[in-house]
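So the structure is just underneath, and the comments pick up after that.
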Amino acid sequence: MNKQITLTINGEARAVEVGPTDILLDVLREKLGIKSPKIGCERGDCGACTVLLDGKSVRSCLILAIEADGHKITTLEGLSRNGLTPLQESFLKHSSFQCGFCAPGIVLSATELLAKHPHPSEEEIKESISGNLCRCTGYKPIIEAIAAVSNARRKSV
Amino acid sequence: MINIDSRTHVRGESIYVNDIPLREDTLFGVVFASPLAHGKVKSIDFSEALQIDGVEGIISVKDIKGENQIGGIIQDEELFADKTVDYIGMPIALVCAKTERIAKKAVSRIKIDIEELHPIVTAREAYAAKKFIVPSRTFKIGDTESEWKSCAHIIEGQAEMGGQEHVYLETQGAYAYLTEDDGIKIHSSTQATKYVQRAAAKVLGMPMHKIEVDVNRIGGGFGGKEDQGTPWACMAALAAQTLRKPVKLVLSRAEDIKMTGKRHPYSFDFKLGLSKDLKIVCYEVQCFQNAGACADVSPAVMERTLFHGTASYFVPNARITVHSCKTNIPPNTAFRGFGAPQGMFVLEAALMKAAVTLGVDMMEIQKKNLLSEGDRFPYDQEAKNCNARKCWDTAWKTFGVEKLKKEVADFNQKNDLFKKGVSLYPLCFGISFTKTSLNQGRSLVHIYSDGTVSITTGVVEMGQGVNTKILQAAAQTLSISTRRFTIHSTNTSRIANPSPTAASSGADLNGKATIMACQALLARLKGVACQELKAQDPGDIEIKDEVIYHKGRKTELTWARLVFLTEEARVSLSEHAHYATPIIHFNKAMEKGHPFAYHVYGTAVTVVTVDCLRGTYNVDLVKIIHDFGSSMNLDIDIGQVEGALLQGIGLMTIEELLIDQTGKLVYDDLSSYKVPDIYFTPRTLEVKPLDSKPDPLALLGSKAVGEPPLMYGIGTYFAILKAMREFNPQLKLELWAPMTHQKCLMSLYDNYGDLLK
């Protein structure tokens, strides 16, 4: 039996009809046309489908769409509405991504981290990205990009 | 310059096959595959599956209008299994339905009756049963037979190296639809548009010019989409042709891991002879390559194992043989390094065994045998601009290896349950496709009347930054702003017959073609400028930073104006250029020639700590001196080195391709098959460019970088093994890669009872 749910996606209220077993990732991609969350493994191993649910990073492949009813969802499309965030700029500057498939998940995981801890330690950075696989880079430029945002904030204070 | 592809990556706007907006009535395909590794198909019953609401058709061998054949090098690969199944995951049919979920449900309702046959799983089994993909090949130099007697030490042994799953984060996929007048367009996640186009033409019974293959970018390839993007593209195209609706087929991770081939597992028998002063005199190795059920690119992978059999060392007498063994696992395929890591690993394993047997430092043997200028490889090419020793010595000095060794020794003295190991790994990797005919690149450059430029080449962007390098080369040649450029998707209608994006050579081949196209355009533009400026000789005209100079003097004429005038003068602003690497050749009958444009060198220093209670380990430090030639983009190049290194470390440590006796992959998802995560990256990681010469055959002197650094991961294996021997000097030297935590733990306590006595 289908049900209409309402999601606030990237600040915009969207109503969508979903079935009881519809996965949030599929609903975002197929019914709402939001393509930045990627399908990498469909079982929570790779983190390519990471979105923010009320500010917390979740694997959208592990969540039923119906569970998200009434909640706020942020995807990478929503971050750069007013130009790139300093984090996105930093990822660009540090050549943090190669093929780019992991990027939507990693940018959101790091966004959550910096919202919680403006000046994370290297261990905290690693922990925040530990659920996101990248097969191209070796992770170093990802860690450096996140640390650079934190350092820049320190300087500007 | 930053990687131009990153601009859309960080916004989440990059488009992969699965993100292409769908056309009306698009169907979704799900593959029905063999559950058994070997057997005769007695019957298949689709009837129940076809009754499910939303299923629009099941495509199988009966729907093929052309040939059921997609083999590249050898025509031995069926698109759909017909009378026999040869591996678990071999495609048998494609269910097409209104949604993927319906198609999946229908797949589960297909009934198949297979008469099971005995599967052959390992290369050694296949060798015993004389099952080969192609005849075995041997590279020889000197005379091993007569020289064994002059060796002071002879070391013999066996080694094993497991395969590796690519885990490109974007799984295989394709989207195909009909175009007018019986054409078909295929969006494919492939590294080789030509292979897809050629195979689809054959399967669909259509001429190649009716099939357009387009690749915007791919979400990682690593070789896994060189030949193996093809089946899915052909299936989607065949289904679209048959059902006359658009068909999308994107594999799930589970399907991808099950159905696609991987890096080849190898088994080895080696024999190494050293002189009294530890010089390599003789080396013989038999390599048993586990090719899987059909050829794919295994004959070429085999060739690269032969080419790299002596690694970064000079071996005066060598005999390297590779047997390409046919087994009942998915057809193994290209993977960054392409047979070289296996050939290099076994020689390193032999050196390690020699060091242990003779009680000497492995580094001493390594250093004594490094390649020098003018040394000959077994395939007869001479080592030119040979940087093997320079990289070693620079790494030794720059990274303070003496001091590191002492620190490691001190640590091991003080600690019982944690042990450290330090290794050096010298790299030498040949650049060019070993099949000479593939060494050609193409580029199509259009200048538009507003002064902007578009480029299409034969190369596929998969994260390696090749489009950025091509753009840099074009901007530098035309001396205009990089902002004026767009690089378009790789498309068979714009670039015909491109070589696959592989062998680390995409930038060299297609970048050089781009420079040629730009130079031709530049000559025409200068001709027009010459007329406009009423000058005598176009040779006196120069374009610098978008301004036209005459005899070194700045003129009023700008790039944009000159382009406009050129168009007005009815002079072409478009150019297609073709580049073929000069010099290279290879005689397969003699197994001699000059197959490589140049070699890439480097040395990696690795320090690891093994937790000897748990069998776990950390990579403390990897410091690398790498020969980039003269890098045109260090950000991109160092990114390639770091990424390849981690993939290489994964190959040698935690990534285990375990196949059981029935031919089933034991670790078949990302929770059991582990690739390096962020915690696995070396604690300290430093990559320094060697002070090296630009190579004339490399793009702007900047040497190819995709594959070579993967081999630095070999150093991690030996650092771990050295640390383990510090804990248990009696441990049996098994020389089996990867050194998983489990294997590490078991080995540490092998013969441990004796140690306690």
Given the structure, is A:SER57 closer than 19 Å to B:ARG11 by Cβ, more than 14 Å from chain B (Cβ to nearest Cβ) and under 15 Å from the mean Cα position of the chain (by Cα)?
yes
Listed residues B:ARG336, B:ARG304, B:ARG319, B:ARG263; which is surrounded by fewer than 24 Cβ atoms within 10 Å (Cβ to Cβ) and either among the acidic types (Asp, Glu) or modelled with pLDDT of 95 or more (or both)?
B:ARG319
Subset of the range B:582-635 [under 22 Å from the mean Cα position of the chain (by Cα) and either free of Cβ contacts under 8 Å to residues at least 60 places away in the same chain or farther than 26 Å from B:MET344 by Cα (or both)]:
B:MET632, B:ASN633, B:LEU634, B:ASP635
Odd one out for B:VAL85, checked against (1) away from every other protein chain (no Cβ under 14 Å); (2) among the β-branched types (Val, Ile, Thr); (3) under 23 Å from B:SER189 (Cα atoms); (4) within 30 Å of the chain's Cα centre (by Cα):
(3)
Assess whether A:ALA68 counts as being surrounded by 23 or more Cβ atoms within 10 Å (Cβ to Cβ), more than 10 Å from every other protein chain (Cβ to nearest Cβ) and over 30 Å from B:SER189 (Cα atoms).
yes
Working only within the range B:459-484, note down all residues that are over 17 Å from the mean Cα position of the chain (by Cα), in a loop (DSSP other than H, G, I, E, B) and buried (at least 21 other Cβ atoms within 10 Å of the Cβ).
B:ILE480
Residues (assigned to a loop (DSSP other than H, G, I, E, B) and surrounded by fewer than 21 Cβ atoms within 10 Å (Cβ to Cβ)) located in the range A:26-41:
A:LEU32, A:GLY33
Condition first: part of a loop (DSSP other than H, G, I, E, B) and in contact with a helix residue (DSSP H, G or I) (Cβ under 9 Å, 6 or more places away or on another chain). Now tell me which residues in the range B:351-372 satisfy that.
B:VAL360, B:ASP361, B:ASN369, B:LEU371, B:SER372
Total residues in the range B:8-18, condition facing another protein chain (nearest Cβ under 7 Å) and either hydrophobic (A, V, I, L, M, F, W, C) or exposed (fewer than 15 other Cβ atoms within 10 Å of the Cβ) (or both)
1
Of the residues in the range A:103-128 that are at the interface with another protein chain (Cβ under 8 Å from one of its Cβ atoms) and without any contact (Cβ under 8 Å) to a residue 60 or more places away in the chain, the one that is nearest to B:GLY713 (Cα to Cα) is A:LYS126
Can you find a residue that is in contact with a Cys (Cβ under 6 Å, 6 or more places away or on another chain) and small (Gly, Ala, Ser) anywhere in the range B:111-123?
yes
Run down A:THR137, A:THR74 and say which single residue is within 22 Å of A:ILE34 (Cα to Cα) and within 13 Å of chain B (Cβ to nearest Cβ).
A:THR74
Subset tally (residues that are hydroxyl-bearing (Ser, Thr, Tyr), over 30 Å from B:PRO582 (Cβ atoms) and surrounded by 19 or more Cβ atoms within 10 Å (Cβ to Cβ)) for the range B:664-708:
2
Suppose the filter is under 21 Å from A:ILE146 (Cβ atoms) and crowded, with 19+ Cβ neighbours inside 10 Å; does A:ILE129 pass it?
yes
Take the residues in the range A:88-102 that are part of a loop (DSSP other than H, G, I, E, B) and within 8 Å of chain B (Cβ to nearest Cβ), then tell me which one is surrounded by the fewest Cβ atoms within 10 Å (Cβ to Cβ).
A:SER95
Residue hits (the range B:48-70; over 37 Å from the mean Cα position of the chain (by Cα) and within 13 Å of B:ALA93 (Cβ to Cβ)) are B:ALA49, B:LEU50, B:VAL55
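The values are calculated or read from the model by the stated rules, or taken from the named source; none is laboratory data. Being a predicted model, the structure only gives us computed values, none of them experimental. Glycine also receives a Cβ, built like all others from the backbone with ideal geometry; neighbour counts cover every protein chain displayed.
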